[in-house]
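Enquirer: Below is a structure I'd like to ask you about.
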Amino acid sequence: FKAPSTDHPALYRDLLRTNRVHWIAEEPPVELIRDKMMECHFRFRHQMALVPCVLTLNQDGSVWVTLVKPARAITPGQFAVFYKGDECLGSGKILRMGPSVYTMQQGKNREEGPKKEEIDKIEPAT
């Protein structure tokens, strides 16, 4: 897929998953173990600005990274590096990504919400 412009919504993502994170000071941070999630910042390119995010810890030591606002051109194989203030917490290789902003917009435009039959399938009436 080649996006028509460098700012096309197809280039933006707000969810990604890493492999097992290599934590520097504590393995993994206490807050992340206690709350199963933790707010911090992340970057995946050396010079880029830090992006606020929420980490969700998985059983295997990998994390889901939910960005406060979508970031451009995240690619599997790059490293996500996590920070709390000035401290580098650790990093993990990006394995997969959630849908692009473009995909999400297409979904919203196509369908305003789940149909009643679909909701009934998810939550059986009691």
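The values are calculated or read from the model by the stated rules, or taken from the named source; none is laboratory data. Note that the structure is a prediction, hence the values are computed from the model and not measured. Glycine gets a Cβ as well: all are built from the backbone with ideal geometry, and neighbour counts include every protein chain shown. Just the protein is used for accessible areas: all its heavy atoms, side chains included, with ligands, DNA and RNA removed. Shrake-Rupley method; radii C 1.70, N 1.55, O 1.52, S 1.80 Å.
Enquirer: Going from the alpha-carbon gyration tensor of the range 9-103, what semi-axes, largest first and in whole Å, does one get by taking the root of 5 times each eigenvalue? Please report the intermediate quantities before stating the final value.
Expert: Numbers: eigenvalues 85, 38, 28 Å².
They are 21, 14, 12 Å, listed largest first.
Enquirer: Would you mind working out the magnitude of the charge dipole of the range 9-103 relative to its Cα centre, with +1 at each Lys and Arg C-beta and -1 at each Asp and Glu C-beta, to the nearest 20 Debye?
Expert: Value, rounded to 20: 460 debye.
Enquirer: On to the next question. Given a 1.4 Å probe and heavy atoms of the protein chains only, how would you sort Trp23, Trp64, largest accessible area at the top?
Expert: Values: Trp23 10, Trp64 60 Å².
Greatest to least solvent exposure: Trp64, Trp23.
Enquirer: Identify the trypsin sites (Lys or Arg not before Pro) of the range 7-96 meeting these criteria: DSSP loop state and at most 10 other C-beta atoms within 10 Å of the C-beta. Don't skip to the answer; put the middle values down first.
Expert: Details: sites: Arg13, Arg17, Arg20, Arg34, Lys36, Arg43, Arg45, Arg72, Lys84, Lys93, Arg96; in loops: Arg20, Lys36, Arg45.
Counting only loop positions with at most 10 other Cβ atoms within 10 Å, none of the trypsin sites (Lys or Arg not before Pro) in the range 7-96 qualifies.
Enquirer: OK, next. At 1.4 Å probe size, put Met104, Met97, Met38, Met48 in order of accessible surface, largest to smallest.
Expert: Met104, Met97, Met48, Met38
Enquirer: Counting other Cβ atoms within 10 Å, which GluC sites (Glu not before Pro) in the range 1-65 have at most 14 and lie in a DSSP loop?
Expert: Glu26
Enquirer: Could you provide, to the nearest whole Å², the per residue accessible area of the range 9-103 with probe 1.4 Å?
Expert: Heavy-atom SASA per residue in the range 9-103 reads 55 Å².
Enquirer: So, with a 1.4 angstrom probe, what is the percent of accessible area on the range 9-103 that is carbon and sulfur?
Expert: Result for the range 9-103: 56 percent of the exposed heavy-atom area is carbon or sulfur.
Enquirer: Using only the heavy atoms of the protein chains and a 1.4 Å probe, how would Ser91, Ser62 rank by accessible area, largest first?
Expert: Ranked from most to least accessible, the order is Ser91, Ser62.
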